[in-house]
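Engineer: Quick one: the structure is below, and I'll ask about it shortly.
The values are calculated or read from the model by the stated rules, or taken from the named source; none is laboratory data. Model, not experiment: these values are computed from the prediction. Because the Cβ atoms are built from the backbone with ideal geometry, glycine has one as well, and the counts that use them run over all protein chains shown.
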Amino acid sequence: MCECVFCNKEKIVTDFVYEDELVMAFMDMEPVNEGHVLLVPKQHYLDVDEMPDELLAHLMIVSKKVVKALKEIYHPNGYSIMQNGGGFNDVGHYHLHIFPRYEGDGFGWIYGSEKKDVNPETAERIRKQILEEAYYIHCERIGK
């Protein structure tokens, strides 16, 4: 049995805002702003690349519903949808943060002081890896 808190709904001690057969959404215990929601798949996954495409599509559809509700209720300047993967996932179960944003709300990206280069070689490496993965998936589907 999975010991993950998000795999054990009864251990989640905050209010639920949405649930269906695949996902559940509930209030974050440490909100960035009022209305901060966590959206999680019911089945255990750590990272986005582990999930079936259909589940990912469903997560995005439900995130759209959450965003619409937040916009209607809070009238924010904007919103953020974010997910931390791998070692930066502090829960160990995939989850999307969805929260309203306001000018001057104090939330922001923090960058290190070291300058990072943006260059065509980096884009080419990523593009090539994506194409190789797509080719591999295609070959698996046709049985090669």
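Engineer: I'd like the full set of residues that are farther than 27 Å from residue 9 by Cα and without any contact (Cβ under 8 Å) to a residue 40 or more places away in the chain, limited to region 83-106.
Structural biologist: 103, 104, 106
Engineer: Please find, among 45, 18, 79, 74, the residue that is under 26 Å from residue 130 (Cβ atoms) and among the aromatic types (Phe, Trp, Tyr).
Structural biologist: 45
Engineer: Name the single residue, out of those in region 1-24 being assigned to a helix (DSSP H, G or I), surrounded by 12 or more Cβ atoms within 10 Å (Cβ to Cβ) and not β-branched (Val, Ile, Thr), that is nearest to the chain's Cα centre (by Cα).
Structural biologist: 6
Engineer: Report, ordered by the first and then the second residue, all pairs with beta carbons closer than 7 Å, sequence separation of six or more or different chains, a first member in region 107-120 that is surrounded by 10 or more Cβ atoms within 10 Å (Cβ to Cβ), and a second member that is part of a loop (DSSP other than H, G, I, E, B) and modelled with pLDDT of 80 or more.
Structural biologist: 107/32
Engineer: Starting from region 55-82, take each residue that is under 13 Å from residue 40 (Cα atoms) and list its partners that are assigned to a helix (DSSP H, G or I), counting only C-beta distances under 7 angstrom and pairs at least six apart or across chains.
Structural biologist: 56/48; 81/63
Engineer: Kindly provide the set of residues from region 17-62 that are polar (S, T, N, Q) and within 21 Å of residue 5 (Cβ to Cβ), ordered by number.
Structural biologist: 43
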